[in-house]
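The block underneath contains the structure these notes are about, expressed in structure tokens.
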Amino acid sequence: MKVLVTGAAGFIGMYTVQSLLKSGYQVVGIDNLNDYYMTQLKYDRLLQCGISCKEWIEGKPVQSSSFATYRFFKMDLTDQTRLTALFAEEHFEVVINLAGQAGVRYSIENPYAYAQSNLIGFLNLLENCRHYPVKHFVYASSSSVYGMNEKVPYSEEDKTDSPVSLYAATKKSNELMAHAYSKLYNIPTTGVRFFTVYGPWGRPDMAPFLFMNAILKDEPIKVFNHGHMQRDFTYIDDIVAGVMKIVAHPPVGDVPFYVYNVGNSNPVDLMDFISVIEQVSGHKAQLNMMDMQPGDVVATYADTTRLQRDFAYQPSTTIEYGIKQFYDWFMSYVVK
């Protein structure tokens, strides 16, 4: 089965590509390799899948040196012409969309980047899935869609019409767009609401990376809402295991549309999270207590009843284990 993975040089993208390849899928990866954060990290993630940036020729695929069934194109989802040509040539059976402009706070600073990538790019994918039919379109949504919802844990049946950031609004828009295309064109679509993903090769703008980097350098860390926050930290291996189960089971029915929460269902107090980093690293954190930031929510907490019901699966990696794995990678890759 041939699968397109967008955002293949991203954090979740790299692990998903590896898992698909090890499971026998034929994979084509694309990524625009933008400079939202350091591009070297993206290049090095690609190397983990056998893709060398030294071999790039504009418009041509790079064959993986590690996997015979993996090729990579440098491509932007907003390039409608090239994307359509790729669909016409490759005849994908499954599309996994992990691309898109990430970051809640950055969406306040640079809103147009989110409209282009998360809305126009997403529409281009849906249109190609319409004209070059696929068996399943799986896409990354986010726990941020729950916005101002005060009920916890968050259930897929809860209302998600009160976003507190443009990023969250674009993710909710993706779900609405997917529903429309499922209804109109019978495209099986599944949105995966990720909850605070972390682990080795994680993004440098996320709390684990920022905190680990500052604590090891004995620099102060910004602790928002004076530490009164909770996050449902979910280890990368658990996220990808959930995605793999979902990919193999497209929704059916008059409107073949579905969404799943994929989270650890065990929110961690921010101060406890910092304490775990202190214990693992052997360094004491310097805390700069700050007010709540625009676009943030106090707590995230996944209700994974639907995931357990359909797949008998529940993410379960402890924060202690996950942070230890992240620390070991950080010391070998960042600190060296």
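Every number here is computed from the coordinates shown, using simple stated rules; none is lab data. Not measured: the values here are computed from a predicted model. FYI the Cβ positions are ideal-geometry reconstructions off the backbone, even for glycines, and counts take in every protein chain you see.
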All aspartates and glutamates inside 15 Å of LYS284 as judged from Cα atoms, apart from same-chain residues fewer than 8 positions distant
ASP218, GLU219, ASP272
Can you give the charge dipole size of the stretch 45-105 about its Cα centre, rounded to the nearest 20 debye, using +1 on the beta carbon of Lys and Arg and -1 on the beta carbon of Asp and Glu?
300
Give a quick list of trypsin sites (Lys or Arg not before Pro) in the stretch 174-280 that DSSP marks as loop, anything other than H, G, I, E or B, with at most 11 other Cβ atoms within 10 Å.
LYS217
Report the GluC sites (Glu not before Pro) located in the stretch 155-248 that are in a DSSP loop and have at most 14 other Cβ atoms inside 10 Å of their Cβ, or state none.
GLU157
Charges at C-beta only: +1 for Lys and Arg, -1 for Asp and Glu. How large is the resulting dipole of the stretch 112-217 about its Cα centre, in Debye rounded to 20?
200
Magnitude of the charge dipole, the stretch 186-293, Cβ model with Lys/Arg +1 and Asp/Glu -1, debye to 20:
140
Checking understanding here: applying a Kyte-Doolittle mean of at least -0.5 and a length along the axis of at least 24 Å (C-alpha), which whole DSSP H helices in the chain pass?
166-185
Indicate the gyration tensor shape class of the stretch 227-273 (rounded, prolate or oblate), computed on the Cα atoms with a ≥ b ≥ c the square roots of the eigenvalues: a/c under 1.5 is rounded; otherwise a/b larger than b/c is prolate and the rest oblate.
oblate
Have a look at ILE57, ASN128, VAL197 and report the one farthest towards the positive end of the charge dipole of the chain, computed about the Cα centre with Cβ charges (Lys/Arg +1, Asp/Glu -1).
ILE57
Running a GNM on the chain with Cα contacts under 10 Å, which residue among PRO251, PRO220, PRO153 ends up with the highest mean-square fluctuation?
PRO220
Is the stretch 256-300 best put as rounded, prolate or oblate by its Cα gyration tensor, with a ≥ b ≥ c the root eigenvalues, rounded for a/c under 1.5, and otherwise prolate when a/b is larger than b/c, oblate when not?
oblate
Using the alpha-carbon centroid of each, what span in Å lies between the stretch 106-156 and the stretch 71-104?
14
What ranking, highest mean first, results for peptides 16-26, 305-315 when packing means the other Cβ atoms within 10 Å averaged over each residue?
16-26, 305-315
What is the packing order of peptides 83-91, 288-296, taking the mean over residues of other C-beta atoms within 10 Å and listing the highest first?
83-91, 288-296
